[in-house]
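As structure tokens, the structure follows; a few thoughts come after it.
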Amino acid sequence: MAATVAATPILLSLLVATTAATDTADTMNALATDFCRLDIYYNAIQTELAGWITAASSTAVALEKEARQMQLAAEIYRGFKKGAAYYVLAVVSSQSADSAAKTAKDAAANILPAVQLITARRAEAATLQFFEETAALKPAKHTPAATGRTVVPQTASNTRICTAEVQPESKLVKDCSSAEGAKARITKIRQHLDKLQIIQTVKTTAMKLPKIQITAEAQGTFNNANQWEPTKDNKACEEHTRGTGSGSAAAGQATNALAVAAVKLVSQITRAALDITTEGGQPNSETQEGTGKTSDRRLLTADSALAAPLQAAITAKPTQFKRLADWTISDAAKSQAAQAFYKFASKPQAKETDSAATEQIPEAIFGKKEGNIKDEFLDPLTRDTRIISTENGKIESSTEKLSESNFARAMAYYYSENIKKAAATAGGNPKADGQAAAGADKTEEKKDGDNKAIKSNCSSNATTEAFTKRQICKLENNA
């Protein structure tokens, strides 16, 4: 029993490895063997491509939201504990937001054409299937006529034709229950899309209307065209034996008759692999039909017109951007913004890559060497309380909410408060470091203590030496 239990993880590992090895792009392509499976395949590619655009757009929006939050926090905490940290995070998040916005724009421009072309090719396949779905048809009406023959030679007066009318029934839905068992595996083509080189499709040259098979039945001898009439049930044309009267009551009762018994549509479509790397590099390589005029419009999507945008979309898969919530203090300290800030604030002549200086950045700017940005800098902004005075009363909210709903007003308010503080300090009436910009930050000062020795060094002309001793107001009590 113990041996069986021990062997189970090994067997499961082998099963997972085997499944992964068989779930290749080629395997997914090979599964798309009929309309139902190919439609699942197209839908998976379409969904994945559209998801890339949506993800890029959502990321850009989220990073822009983070950037506004950090910009506001940097203004609120200017001159206080965490002020330098929020300044660096504001720069980092703004850069990420700008890059993400450009990526989202490029993604839409490069991926949307591929989505449109896959949609078109999928619609073409559905249209062709629409014709194929018609079952064998039985003509609803037969009409005899004296003239109009074009195939059988006309001799004397013993000539007539019989026209059968068929109205196919429109079938708007296909039962694809037979493909449900393979759906999960076919959909895995999404996992391979960013490296896909070959797709399964119906090539343009293979897009053919169904072959039409007509079955005609004849009975008896035809001698007198003047007695050529339809049977009363309209299922045949007959040469009746009752002079110029009407035909037989039913086709089955006719002695000399001709009828179209059935019309059948037979599929001519074949599915094949399309190499988008070679076909995409040869735009309009297919045989051109039509007049060549600009007024010509294609009725079916060219293979090259599908391959080129799809290849471009795969190449343009959006870059993943890291949210601030996923950053560690170490990550932020290694950013160009953090290193530049530390360099100019402490050692203007030092290189930003100075290893000794780099080791000091986390604690100097972020107050500690270890930790994550979410816990130390993002979450507090969701719990704090800020009050802004306006002509319509006070706005009371957290920094996070202010950045979302009143960003411009909040930035203007805190910027003006900081300008007032700076002006008062320059006029010879410096305020104690740690005094809240809006009066609500005094709690922060009291919580972290009042270091008079450090406060005595605070001024608008703080020296480099003071910074290295952590005695600049903007970096006070970061530890």
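Scanning segment 178-235 for residues that are part of a strand (DSSP E or B) and aliphatic (A, V, I, L, M) returns I198, I199, I212, I214, A216, A218. S389 falls short on exactly one of the conditions (1) at pLDDT 90 or above; (2) in a strand (DSSP E or B), and that condition is (1). In segment 241-262 there is no residue that is surrounded by fewer than 12 Cβ atoms within 10 Å (Cβ to Cβ), modelled with pLDDT of 80 or more, touching a helix residue (DSSP H, G or I) at 6+ places or on another chain (Cβ under 7 Å) and not in a helix (DSSP H, G or I). Only one of the listed residues (A56, A44) is modelled with pLDDT of 95 or more, assigned to a helix (DSSP H, G or I) and farther than 24 Å from T24 by Cα. That residue is A56.
Looking only at residues of segment 171-215 that are of a type in the set (K, R) and modelled with pLDDT of 90 or more, we find that the one that is nearest to A44 (Cα to Cα) is R190. Among all positions in segment 103-112, there is at least one residue which is assigned to a helix (DSSP H, G or I), hydroxyl-bearing (S, T, Y) and within 19 Å of the chain's Cα centre (by Cα). Applying the criterion of being in contact (Cβ under 8 Å) with a residue 40 or more places away in the chain and buried (at least 16 other Cβ atoms within 10 Å of the Cβ) to the residues of segment 93-107, the residue that is nearest to L299 (Cα to Cα) is A107. Taking each residue of segment 355-369 that is at positive phi and looking for partners that are at pLDDT 90 or above and charged (D, E, K, R) with beta-carbon atoms closer than 9 Å, six or more apart or interchain, yields G367/K82; G367/E376.
Of V115, V61, all but one fail to be without any contact (Cβ under 8 Å) to a residue 40 or more places away in the chain and of a type in the set (A, V, I, L, M); the exception is V61.
Restricting attention to segment 377-412, the residues that are more than 28 Å from A332 (Cα to Cα) and not charged (D, E, K, R) total 7.
The values are calculated or read from the model by the stated rules, or taken from the named source; none is laboratory data. If you're wondering where the values come from, they're calculated on a predicted model, not measured in any experiment. Please note: Cβ atoms are built from the backbone with ideal geometry, for glycine as well, and neighbour counts cover all protein chains shown.
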